[in-house]
Each structure stands twice: as C-alpha cells, then as structure tokens.
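The values are calculated or read from the model by the stated rules, or taken from the named source; none is laboratory data. The structure displayed is predicted, hence computed values, not measured ones. Backbone-built Cβ (ideal geometry, glycine too); neighbour counts: all protein chains shown.
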Amino acid sequence: MGIEQNGSGGKVKGRNESRRNKRRQKKLSPVQKMYETCQEIFAYCESGVVPATEKIEKLAACLDTMTQADVGLKPNMPFFDDKRAPVITYMHLHKCEKFSIGIFCLPPSSVIPLHNHPGMTVFSKLLFGTMHIKSYDWANEVDKNPDGTIVDTNPPKSHPDGLRLAKLKVNSEFTAPCRTSILYPADGGNMHCFTAKTACAVLDVLGPPYNDPEGRHCQYYFDFPYAHFSVDGLSVDEDKKAQHAWLKEREKPQDLNVVGVSYNGPKLSKK
C-alpha cells in the first residue's frame with residue numbers, strides 16, 4: 001500500500017491533472033462536449049426529477065453554441081428537400097436510460113403535431129431555418145419544492161368530454177441562430193407543436209427519454225379555443241381567454257411520417 005510522503009506532491013499532481021483536463025476540454029469537438037455534458041447533468045436523472053439550475057444552465061450554454069456544421073448538417077441535404085414533405089427525418093445520436101440525443105430534420109411545411117413529454121426535461125436547439133412553435137402547460141396550480149423543482153398541487157381542470165384546460169406558453173416563430181428552449185415536467189411548455197416554415201433542423205435532448213413501461217409515453221393532442229367549450233363553475237378572465245385552450249388526447253396521427261437514420265456527422269465517442 002503506497003502512502004504519499006510529500007504533501008506538496010499531491011498538490012502538483014492535482015494541478016497537472018487540472019491542466020490536462022482543461023487541454024482535453026479544448027480539444028473536444030462540440031458534439032462530444034455536448035454528449036459528455038449530458039452524461040454529467042443527467043447522471044442521476046429520473047422521471048419528474050429536474051436537474052439543478054446550474055446544470056440546466058451549463059447544458060443550455062453548451063447547446064447555444066452548437067451549429068449545423070457541428071453535427072455535419074447542410075440545408076441542401078436530401079432530408080430538407082421540399083419535395084419530401086411531410087416526411088420528417090430523425091437522426092439518432094444516442095439513447096440510454098438517462099437521456100437521449102437526436103436531430104429532427106424537417107422539410108418546409110412539415111409538422112410535428114402537438115405532443116407531451118411526461119416527467120421529462122427537454123432541451124431543443126434550432127440549428128438552422130425558421131420554425132413556428134406552439135406550446136402549452138396544463139392550467140393547474142403549481143408549487144415549488146425547496147430545491148426549486150416544480151410540482152403539481154392540483155389536477156388539471158377537465159371537461160366532461162375528455163378535454164383538459166391548458167394555458168398557452170409559446171406561440172411564435174423562431175429563426176436560427178436563437179437560444180435553446182427548455183421545457184420541464186410541469187412548466188415551460190411541456191406540450192408543443194413544431195411547424196417548419198422553411199427547411200430546418202432541431203437538436204433535441206431529453207432527460208430521461210420516452211419509455212412506455214416506465215410511464216413516459218408520447219401522447220398526442222388536438223387543441224381547441226377556450227370559447228368552444230364551457231364548464232360549470234369554471235371561468236377565465238376575458239382578457240386571458242386567448243391564452244387558454246382545451247386539449248384532447250388523440251391517437252398518433254396517421255399522416256405523421258418520421259423516418260429514422262443513423263448519425264453520420266463528426267465522430268461521437270460514447271463511454
């Protein structure tokens with residue numbers, strides 16, 4: 001059993017390791033850095049558990065710098081040909097029990113219908129193009145745990161016809177370059193719809209990923225204006241009605257055509 005005799009030796013060794021780590025970080029490709037950052041922040045990820053704020057910010061900052069070139073994409077690739085619409089291509093980079101990374105390649109006018117992300121924290125980075133995003137959260141009261149994570153305190157308000165009241169979070173167009181959008185299990189627009197206004201690509205990070213046996217099933221929805229239905233005893237201020245809608249579960253749309261392909265961009269070394 002070896003015993004360190006010189007106290008300063010440990011400090012020197014620590015400084016050398018720190019320098020080596022810094023040099024390695026500089027050499028990492030952007031896609032490798034993203035992958036290793038995901039490994040770090042989702043290491044203890046479970047359904048409904050949101051990473052600490054500083055970890056959220058670290059991954060968001062990493063994704064904010066990502067470009068189409070970092071993952072080997074160009075707008076003139078066949079995936080983005082307007083003649084392919086409405087076919088959407090999903091480029092798989094990585095999936096494990098803690099997180100998944102993929103890229104949606106959308107030709108102009110293609111749509112990813114309104115869907116949810118149960119118990120998940122999701123990062124979406126528009127790499128190029130212009131996209132309209134519409135997103136909702138359930139219109140229920142929420143509270144925060146001491147660690148800052150959001151929890152439901154009341155069930156979503158429902159309608160006898162199976163509709164549930166939701167509040168509009170985002171209804172805007174985004175053009176790259178723009179900041180990474182983040183949604184949480186109960187906040188941030190957990191249910192969203194993507195509509196490609198031009199050819200575009202979206203880098204998606206999910207933690208944890210969809211998993212039917214664990215209750216993380218991708219559910220699709222119709223949305224209806226608030227004024228189309230009413231519930232006894234439930235009212236919304238007149239000036240807020242446009243910010244609310246009724247959502248109703250639906251089967252996976254038959255016209256949703258997503259084709260999976262392997263990632264062929266800059267090398268990604270998985271640990």
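Here are the numbers:
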| quantity | calculated |
| --- | --- |
| Residues (aliphatic (A, V, I, L, M) and closer than 20 Å to residue 225 by Cβ) located in region 163-179 | 163, 165, 166, 168, 170 |
| Long-range neighbours under 7 Å by Cβ, at least six apart or interchain, first residue more than 10 Å from residue 107 (Cβ to Cβ) and free of Cβ contacts under 8 Å to residues at least 40 places away in the same chain within region 64-81, second surrounded by 15 or more Cβ atoms within 10 Å (Cβ to Cβ) and of a type outside the set (Ser, Thr, Tyr) | 65/30; 74/68 |
| Filtered residues of region 33-48 (kept if surrounded by 16 or more Cβ atoms within 10 Å (Cβ to Cβ) and of a type in the set (A, V, I, L, M)) | 34, 41 |
| Selected residue (criterion: farthest from residue 114 (Cα to Cα)) from residues of region 163-204 that are of a type in the set (Ser, Thr, Tyr) and assigned to a strand (DSSP E or B) | 175 |
| Enumeration of residues in region 205-219 that are outside any loop (DSSP other than H, G, I, E, B) and crowded, with 18+ Cβ neighbours inside 10 Å | 205, 206, 207, 216 |
| Any hit, region 144-151, residues being modelled with pLDDT under 95, of a type outside the set (S, T, N, Q), in contact with a Phe, Trp or Tyr (Cβ under 8 Å, 6 or more places away or on another chain) and outside any loop (DSSP other than H, G, I, E, B) | yes |
| Filter result for the condition that a residue is modelled with pLDDT under 95 and either assigned to a strand (DSSP E or B) or within 30 Å of residue 84 (Cα to Cα) (or both), over 252, 240, 267, 271 | 267 |
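For every residue, the table says whether it meets (1) assigned to a helix (DSSP H, G or I); (2) modelled with pLDDT of 90 or more.
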| site | (1), (2) |
| --- | --- |
| 9 | yes, no |
| 35 | yes, yes |
| 83 | yes, yes |
| 92 | no, yes |
